[in-house]
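This report concerns only the one structure given below.
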Amino acid sequence: MANHLMQSCFVMGFPERERLSSGGVRNSKHTRITAYFISSLVIDTLCDETASQNVAVACLYCDYRGQKEQTPTGMIGSLLKQFVNALPKIPEEIAEAFLAEQGHIGGRVPRLSQILGMFPRVLARFRQAFICVDALDELVAEHRVEFLCGLCEILEKSPNTRLFLTGRSPIQPELESRIPRTISVISIQPSMDDIKSYLETKLDSDPDPEAMDTSLRREIMTKITQEFSEM
């Protein structure tokens, strides 16, 4: 996987059957069990293995429930903020740009074009930078187009930057058409043992263990694993 991450863009694809809901009903409120676990593992590994090497890692987690708040400007601005925070000192030109916008009546954040224009100066201060975005498919389509265009501009102007994206497989053609770089893709399919192990870990860490007896625990394990196997 480390070799894949050296490419311009690395995508993990998760089949539609990855959708699991808290009640075992497909396509309702769901938990992307394996996707989230693997994405977090990759991010943790990147951070651990690149510590003290002048390498920066910025992360975003998309959520369909926060589509109104997850705008291209807000998300790319969040990435910039994470990279700036990784620097020992905020670059003077970045601070001045934000102060200038706050000087307007009511205050405002810089526009997307202004934010994108700051990336080359910030990322040039790192030996390498990684942008990790989980569950990209949960970002509303109209925002996803503009967001991907923004990521492409960052890649184009900062060649020391790499992308790590996760999402369900239907968005792969969109990524391939919108990202004009070589994309390494790996498809992840969880096994039943993975699902059981994850559920057992979550149940063992229940903050109120007395609220669940052995019978309820067995019912939860049986119902969720059965629903997953039928998807």
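Region 112-217: Rg/Rh from Cα coordinates, Kirkwood Rh?
Numbers: Rg = 19.7 Å, Rh = 17.1 Å.
Radius of gyration relative to Kirkwood radius: 1.15.
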How much of the pair distance distribution for region 191-231 lies past 14 Å, counting alpha-carbon pairs only, in percent? 48
Mean projected area, convex hull of alpha-carbon positions in region 51-164, reported to one decimal in nm², is 7.4
If I model a spin label at residue 157 and residue 95 as a point 7 Å from the Cα along the Cα→Cβ vector, what separation in nanometres do I get? 2.2
Take residue 87, project a point 7 Å from its Cα along the Cβ direction, then tell me which residues of region 156-191 have their backbone nitrogen under 17 Å from it. 157-161
Residue 204-residue 226 pseudo-label distance in nm [points 7 Å out on the Cα-to-Cβ vector]: 2.5
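Read-outs throughout are calculated quantities, based only on the coordinates presented, and are distinct from any laboratory measurement. In this text the structure is predicted, and so the values were computed from the model without any measurement. Counting neighbours? That spans all protein chains shown, and the Cβs are built from the backbone with ideal geometry, glycine included.
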